[in-house]
Amino acid sequence: MLDPWRLKLLGDLASLGTVRAVAQAAHLSPSTVSQQLAVLEREAGARLFERSGRRLRLTEAGAALSRHARTILDQMEAARAEVAALSDAGRVTIGAFTSAANTFVLAALSLLARRHPRLRADVWELDPVESLPALRRGDCDVVVTADVFDGSSPIDADIVHTPLATDRIVLVTASGSSSPVSPVDLAAHAGRIWSAERPGTWTHDLVTRACRRSGFEPDIGALFASYGPLLAHVEAGLSVTLLPELAVDPRYDVVAHPLRDPLERHITAAARATAATRPSVATVLAALTETTRTLPSVRQVGAGDF
């Protein structure tokens, strides 16, 4: 018999790439992970790994089993969820980027608590660049994520996206540092100091790609781990930035300018195809779809919009 926990470790190895990364994710020692993977290899009766220097690489058999592992684990969870659904219970983990977690995801959690008190919905704050990998690993059951520019997120037949809304990108400045609100050209701000979240985040990529598209390299003079200090820096007149309109917190005295060359991000709720029809997951997706209708700053979408 193949042990589900060891299959999870195998799937994590395929996703994360190293035993050390798997150990960190699972809160285990690397030696324990190596031992458990060796046991899995004996259970499978096939050579699943080969050494490449100090790293373990999946053989063809190992890669095949890792592909099946996520499906097997989802089917086991579906069985558990179906039993739980009969007693109106279950547990779903939602990953969401900051501005979603602060707004419609929070509203969805409140709605679920009222209508489905025995369904537990946990939430993790995740940058969009982290969300789909976390979903594929099985760390989350549903992720709220976003794409911008050319819809460049890779197409994955194993992931089902439910369109939620579109959110326009705006130039954010201090309230007294610019002309009245009107569409702006980014190129006119090429000489300004820019702020962003840390490199590797969705919003850092947004600033650099949008400015380059307008013909200049942004002079990023401030990097932050969250929106709060970033908006405070802009409010003080020390920088400008680009943000989705949903992320512009009204508690800060800033101005959101639409762009003359418009950009939008597409917000979706994603789930693994093998889990999307699970009653608890379907209930969460429905709640997220319902609560985006309450957002004044975004445009609701239908399935044909993306």
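The values are calculated or read from the model by the stated rules, or taken from the named source; none is laboratory data. Since we're looking at a predicted model, the values are computed, not measured. Backbone-built Cβ (ideal geometry, glycine too); neighbour counts: all protein chains shown. Calculation scope for accessible area: heavy atoms of the full protein, side chains included, ligands and nucleic acids excluded. Shrake-Rupley method; radii C 1.70, N 1.55, O 1.52, S 1.80 Å.
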Point to revise | Dipole of the chain [Lys/Arg +1, Asp/Glu -1 at C-beta], most positive-end residue of Thr203, Thr274, Leu73 | key: Leu73
Check your understanding: How long, wide and thick is the chain, going by the Cα atoms along their three principal axes, in whole angstroms, largest first?
Key -> 70, 51, 32
Review point. Applying 1/(1 + (r/R0)^6) with R0 = 25 Å to the Cβ-Cβ distance of Ala286 and Gln75, what FRET efficiency is obtained, to the nearest 0.05?
Key: 0.70
Check your understanding: What net charge is computed for the residues neighbouring Arg278, neighbours being all others with C-beta under 9 Å from the C-beta of Arg278, Lys and Arg scored +1, Asp and Glu -1?
Key -> -4
Review point. With each pseudo-label sitting 7 Å past Cα toward Cβ, what's the Ala222-Ile193 distance in nm, one decimal?
Key: 0.8
Check your understanding: Taking amide H positions as placed 1.01 Å from N in the peptide plane, with prolines and chain starts having none, which residues 5 or more places from Ala121, or on another chain, fall under 5 Å of its amide H?
Key -> Val92
Check your understanding: What residue among Ser280, Ser239, Ser34 has the largest mean-square fluctuation in a Gaussian network model of the chain, using Cα springs under 10 Å?
Key -> Ser34
Exercise for review: Give the accessible surface of the chain per residue, rounded to a whole number of Å², with probe radius 1.4 Å and ligands, DNA and RNA excluded.
Suggested key: 49
Point to revise | Total charge dipole magnitude, the range 28-104, about the Cα centre, Cβ charges on Lys, Arg, Asp, Glu only, Debye to nearest 20 | key: 460
Check your understanding: Once the piece of chain linking Ser110 and Asp156 is laid out straight, how much longer is it, given 0.36 nm per residue of separation minus the C-alpha distance between them?
Key -> 13.5 nm
Practice item. Quickly work out the Ala236-to-Arg20 label distance, labels modelled 7 Å from Cα along the C-beta direction, and quote it in nm with one decimal. Key: 3.6
Revision key, fill the gap. 1/(1 + (r/R0)^6) with r = Cβ-Cβ of Arg213 and Glu50, R0 = 41 Å, i.e. FRET efficiency to nearest 0.05, evaluates to 0.40
